[in-house]
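Shown next, in structure tokens, is the structure this report addresses.
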Amino acid sequence: MSPADGRNILSNVIGERVNLGLGGGAAPRLSPAADARPCVLGMAREEIHAWLAQRGHKPYRADQLIEWVYDKGAASWDEMSNLPKPLRQWLADNAELRHASVAADAIAEDGTRKLLLRFPDGASVETVWIPSPRRHTVCVSSQVGCPVGCRFCASGLDGVVRNLSAAEIVEQALLIRGLIRAGSAAVATQAADGPEVERGPERLTNIVLMGMGEPLANYRNVIKAVRIMNAPWGLGVGARKITISTVGLARQIRDLAREELQVNLSLSLHAPDDELRRALIPWRQDVPIAELLDACHEYFRLTGREITLEYVLLEGLNDRPEHARKLAVIARRIRANVNLLRYNPVPGLPFRRPSAEAAFAFQALLREQRVNVHVRTSRGSDVQAACGQLRRQTLPAS
């Protein structure tokens, strides 16, 4: 595809999105529909202790409840057999344990699994489990829809409805962990009855906040959820195995640097200059690349954690040698790694996926400039579970 063809495609998409009112995404409702009952799943250890202490319960009862909620993953109050029946009844009357129901479930040919989760207010999000022999990764959503409106991404096509609560974020990881445990138990049974089989890890090892939504636009709930998922009493996933992705909110990046969390930070860049980036990512909270790089440099300085630049290759738009040279300058400036991803097609959008050869040629240009760069392998694209394909509507029929 020629550069002129690429510009024509982008111009047509911009016009269609503006006519649909999707130019920059609507402001989200800040929280789910009000419920007077707290959700225990989204409560930190000290909150659960204080909550039960106010009602006269001993500290060990709080520890028992925490173990049931986070370690054992109880799906109902009745499962909590070492809690007195009156306490279980009081909890059932005064608190929520889980929110989501699984509305649809699809498994890709490569084993990637996508769940459509529906909440009591009717809002829905998609969550993806990416299994491999050495790790189990869950890709969680942080908002219902997305306010950013990247031209090439499905998540913002329907706008944004609301932020997810900390409980709703944690619940996604908890549901996938339950599937991992169930699968590991089945493999163990098979191994006991027959020849030895290859077994992957029996736990959730990695969490990426790369699903629907802009995580740093839901800052408070995302940080609380990350702390719960990282805590030994919570899901126990190491901070360096948790990745927060952002399109670039400079103030929140600086705030994150001061949270004393050793999480990974990925910046969804997708273009090496402001003009092209504004065309591809037309969010009203647009921040110049130079300002984003200053914030990323501060994150690296305070945490010692290198930033990763995410870059979706769109044929004829941002995949030319001059783009690679500009991207190399950016990566070297902040000592960032680069992940290249070939565009995953979205029904109704005209962008094209470059060939593998083109992606590796782009990678080679970056490596010539001493940039640490990888071409990511897409997972789950046949069930619309790959990067850029998640949407809050429905799943394809299985």
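The values are calculated or read from the model by the stated rules, or taken from the named source; none is laboratory data. Note that this is a predicted model, so its numbers are computed, not measured. As a convention, Cβ positions derive from the backbone with ideal geometry for all residues, glycine included, and neighbour counts pool all protein chains shown.
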Practice task
Please work out if PHE360 is within 19 Å of HIS270 (Cβ to Cβ) and without any contact (Cβ under 8 Å) to a residue 24 or more places away in the chain.
Solution key: yes
Fill in the blank from the handout: From the option list ALA62, ALA74, ALA50, ALA100, single residue qualifying as closer than 24 Å to GLU168 by Cα and surrounded by fewer than 13 Cβ atoms within 10 Å (Cβ to Cβ) is ALA50
Practice task
For ASP93, work out the one condition from (1) within 18 Å of ALA173 (Cα to Cα); (2) in a helix (DSSP H, G or I) it doesn't fulfil.
Solution key: (1)
Completion exercise
Condition set in a helix (DSSP H, G or I) and hydroxyl-bearing (Ser, Thr, Tyr), scope the stretch 279-320, selection farthest from PHE362 (Cα to Cα): answer is THR303
Practice task
Could you pull out the residue among LEU317, LEU265 that is within 28 Å of ASN206 (Cβ to Cβ) and not small (Gly, Ala, Ser)?
Solution key: LEU265
Problem - Which listed residue is under 16 Å from GLY234 (Cα atoms), in the same structural domain as LEU117 (by TED's automatic domain parsing) and surrounded by fewer than 24 Cβ atoms within 10 Å (Cβ to Cβ), from LEU157, LEU179, LEU175 - result: LEU175
Practice task
Within the stretch 67-76, identify whether any single residue is assigned to a strand (DSSP E or B), in contact (Cβ under 8 Å) with a residue 24 or more places away in the chain, of a type in the set (Val, Ile, Thr) and under 24 Å from SER165 (Cβ atoms), and answer yes or no.
Solution key: no
Completion exercise
Exactly one of SER155, SER141 is touching a residue at least 40 places away in the same chain (Cβ under 8 Å), in contact with a Ser or Thr (Cβ under 7 Å, 6 or more places away or on another chain) and in a loop (DSSP other than H, G, I, E, B), and that one is SER141
Problem - The one condition in (1) in the same structural domain as GLY122 (by TED's automatic domain parsing); (2) modelled with pLDDT of 95 or more that GLU79 fails to fulfil - result: (1)
Handout entry: Among the candidates LEU249, LEU204, residue that is aliphatic (A, V, I, L, M) and buried (at least 21 other Cβ atoms within 10 Å of the Cβ)
Key = LEU204
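Each row is one residue, and each column tells you yes or no for (1) modelled with pLDDT of 95 or more; (2) touching a strand residue (DSSP E or B) at 6+ places or on another chain (Cβ under 6 Å); (3) in the same structural domain as LEU157 (by TED's automatic domain parsing); (4) within 20 Å of LEU276 (Cα to Cα).
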site: LEU317; (1), (2), (3), (4): no, no, yes, yes
site: VAL329; (1), (2), (3), (4): yes, no, yes, yes
site: ALA336; (1), (2), (3), (4): yes, yes, yes, no
site: TYR343; (1), (2), (3), (4): no, yes, yes, yes
site: PRO354; (1), (2), (3), (4): no, yes, yes, yes
